[in-house]
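The values are calculated or read from the model by the stated rules, or taken from the named source; none is laboratory data. Treat the numbers as computed from the prediction; the structure is a model and nothing was measured. Counting neighbours? That spans all protein chains shown, and the Cβs are built from the backbone with ideal geometry, glycine included. All accessible areas refer to the heavy atoms of the entire protein, side chains included, with ligands and DNA or RNA removed. Shrake-Rupley method; radii C 1.70, N 1.55, O 1.52, S 1.80 Å.
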Number of protein chains: 2
Amino acid sequence: MSNPNPVQQRMPTRGGVQEAAKSIAAILPPTPLLPVEINGARCHVKAESLQPVGAFKIRGGWWRLSNLSEEEKARGVVAVSSGNHAQGVAWAARKLGIAATIVMPRNAPKVKLEATRALGAEIVLYERPGEDRDEVAARLIEERGGTLVHAFGDPWVIEGQGSAGVEIEAQLGHAPSRILVCCGGGGLAAGLALACPESDIHVVEPHCWDMVGQAIAAGAIVRVSQNPPSTICDALQPDATKPINLAVLQGRAEPGVTVTDEEVRAAQRFAFSALNLVAEPGGAAALAAALAGKVPLDEHTVIMLTGGNTDAASFAETLFGN
Amino acid sequence: MSNPNPVQQRMPTRGGVQEAAKSIAAILPPTPLLPVEINGARCHVKAESLQPVGAFKIRGGWWRLSNLSEEEKARGVVAVSSGNHAQGVAWAARKLGIAATIVMPRNAPKVKLEATRALGAEIVLYERPGEDRDEVAARLIEERGGTLVHAFGDPWVIEGQGSAGVEIEAQLGHAPSRILVCCGGGGLAAGLALACPESDIHVVEPHCWDMVGQAIAAGAIVRVSQNPPSTICDALQPDATKPINLAVLQGRAEPGVTVTDEEVRAAQRFAFSALNLVAEPGGAAALAAALAGKVPLDEHTVIMLTGGNTDAASFAETLFGN
């Protein structure tokens with residue numbers, strides 16, 4: 001698609017991540033870094049599921065909207081999201097007094113649709129699969145004006161997400177050896193790569209939805225296949241990553257890792273029993289890779305648990321599957 | 001019962017709570033104080049369910065065992081617990097290299113029995129209802145020696161639990177207006193009363209198991225009735241409070257509040273959907289009282305979510321009950 005916001009072409013920086021971290025620390029306490037033992041190895045889980053909107057997306061939403069000009073704030077923002085970025089943007093928009101319109105798939109979890117609406121955002125639904133969500137957003141902006149807040153392909157969003165890495169280094173007292181990160185379009189992964197230059201970054205994606213891992217391997221954007229298999233990770237289904245994310249991750253990230261639905265469900269059960277945390281499927285992907293032994297672990301390893309927004313019935317079914 | 005540890009008769013102090021808080025801060029990061037909106041009121045939830053053993057009991061266990069003499073440490077400790085105090089003592093014992101024997105009811109949640117065993121403690125089972133757990137422990141100590149670590153009637157345990165209040169004041173930046181606290185025997189409630197002298201303390205107990213609330217009202221120890229109704233709050237079933245707890249709470253705590261099983265289940269569902277937290281029934285009692293409108297709430301109110309150790313099947317059933 002054509003880019004309606006040419007200003008987005010600037011590259012995110014480590015300095016920007018550090019500025020974002022200061023701004024976010026003033027409004028949100030750090031999420032806990034919880035010790036955990038996995039397959040005999042002690043490591044850490046960063047519980048972003050405990051953010052006020054239940055996911056790390058509040059970071060990027062806050063930093064992007066805080067950096068709008070007064071004129072842009074007055075025109076409002078448009079975002080496209082399966083639910084967590086929606087809530088992050090809606091939360092920041094409410095706090096800053098900005099009108100927000102969110103394009104969401106009709107099949108997004110009900111809990112995410114309701115939470116986004118409750119934060120005061122206007123919701124426009126589209127069909128997934130079928131419609132191109134970026135086109136729906138571009139059309140909306142053409143009709144109404146407003147600034148697109150892309151879920152991952154935006155320098156401020158990337159810097160905002162990276163603030164989690166600044167928190168992690170402060171909590172650990174040093175740089176992690178490696179970070180396992182649940183990956184949709186690559187916004188958080190890119191932010192962490194900038195925040196923690198000494199750490200290996202392992203992107204973890206659902207089986208057949210590894211658009212970031214494939215792009216890193218190919219050195220070019222790769223689009224999802226025409227008829228991809230379904231995944232329970234509703235938050236990790238991008239059509240493709242964006243050049244800005246690939247540019248940051250290329251040469252920085254380790255080879256990508258993928259996880260199956262069953263591995264993800266096992267990780268949700270582990271988060272329940274070992275950590276007393278509710279993880280949504282996409283939020284448990286990195287933990288799934290750790291439990292399945294797909295990435296080596298040590299006491300300086302951090303696993304991102306990125307979100308916890310899931311319907312009670314789905315979660316109960318996952319628990320019963322034990 | 002006769003007290004096998006006369007040294008326990010010293011009274012806990014606010015200074016002791018502050019010392020305990022320093023000792024605990026050196027080994028455990030603060031648990032998060034999460035903002036939440038309940039019936040239109042903004043308030044805070046202290047997520048003690050995120051402690052390494054899944055409950056606040058790690059505080060009292062650590063402070064009590066840290067204060068044993070070298071000779072006492074060598075003789076080992078005995079504790080009686082439905083599961084969370086068991087894990088708190090077992091965790092501290094392992095960290096300090098002390099042998100721990102834990103007396104647990106045969107009908108304690110399987111997850112609590114297994115976790116206690118996994119921490120290296122020896123478990124002795126008793127029948128609940130039927131056997132007097134204090135008598136089982138006294139007999140064990142007579143046979144084997146060792147120091148009894150009472151779950152709530154102990155000055156170090158009370159001071160250790162109170163460290164949560166020191167954390168809360170640091171996190172809020174001031175004293176809470178009131179604290180709603182899930183209450184079994186009254187160890188945490190007494191600790192918080194000492195830690196936060198400016199705050200109202202509201203003890204919340206299961207229907208018909210309000211041994212602390214009744215004792216406060218009567219100004220004397222009240223024992224549970226011969227055939228009390230069952231409660232899903234397995235962690236909140238003391239036969240009676242102890243004089244040391246009553247002495248601290250008398251004149252300090254507000255009139256007690258009780259909650260039903262249904263109110264507790266609704267609170268577990270609320271913790272799941274609004275906070276992405278797993279709360280065990282007893283851990284959700286204070287939240288249940290808040291949701292049911294039984295205590296007034298304001299932005300300086302703190303609700304203790306004291307534990308999250310629950311079996312997957314029970315939790316899934318609670319979720320489906322929505």
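When you scan region A:52-59, do you find a residue that is on the phi < 0 side of the Ramachandran plot and away from every other protein chain (no Cβ under 14 Å), even just one? The answer is yes, given that some residue of region A:52-59 is on the phi < 0 side of the Ramachandran plot and away from every other protein chain (no Cβ under 14 Å).
Scanning region A:203-220 turns up no residue that is of a type in the set (Phe, Trp, Tyr) and within 14 Å of chain B (Cβ to nearest Cβ).
Criterion applied to B:ALA266, B:ALA286, B:ALA215, B:ALA247 was being within 19 Å of B:LEU194 (Cβ to Cβ), assigned by TED's automatic domain parsing to the domain that holds B:ALA190 and surrounded by fewer than 23 Cβ atoms within 10 Å (Cβ to Cβ), and the one residue passing it is B:ALA247. The single residue among B:SER273, B:SER225, B:SER230 that is outside any strand (DSSP E or B), open to solvent by 40 Å² or more (accessible area, probe 1.4 Å) and touching a residue at least 12 places away in the same chain (Cβ under 8 Å) turns out to be B:SER225. Set side by side, the residues A:PRO176, A:PRO197 differ, and just one is open to solvent by 30 Å² or more (accessible area, probe 1.4 Å) and touching a residue at least 60 places away in the same chain (Cβ under 8 Å), which is A:PRO197.
Residue check: A:GLU263 meets all listed conditions (1) under 21 Å from the mean Cα position of the chain (by Cα); (2) within 12 Å of chain B (Cβ to nearest Cβ); (3) among the charged types (D, E, K, R) but one, namely (2). The set of residues in region A:257-271 being under 11 Å from A:ALA285 (Cβ atoms) and of a type in the set (Gly, Ala, Ser) consists of A:ALA267 alone. A:LYS46 passes every criterion in (1) over 30 Å from A:ASP298 (Cα atoms); (2) at pLDDT 95 or above; (3) under 15 Å from the mean Cα position of the chain (by Cα) apart from (1). The residues of region B:286-322 that are part of a helix (DSSP H, G or I) and either in contact with a helix residue (DSSP H, G or I) (Cβ under 6 Å, 6 or more places away or on another chain) or within 10 Å of chain A (Cβ to nearest Cβ) (or both), listed by number, are B:LEU287, B:ALA288, B:LEU291, B:ALA312, B:ALA313, B:SER314, B:PHE315, B:ALA316, B:GLU317, B:THR318, B:LEU319, B:PHE320. For residues that are closer than 16 Å to A:THR318 by Cβ and not charged (D, E, K, R), scanning just region A:250-263, find the one that is most open to solvent (accessible area, probe 1.4 Å). Among residues in region A:250-263 that are closer than 16 Å to A:THR318 by Cβ and not charged (D, E, K, R), the one most open to solvent (accessible area, probe 1.4 Å) is A:THR260.
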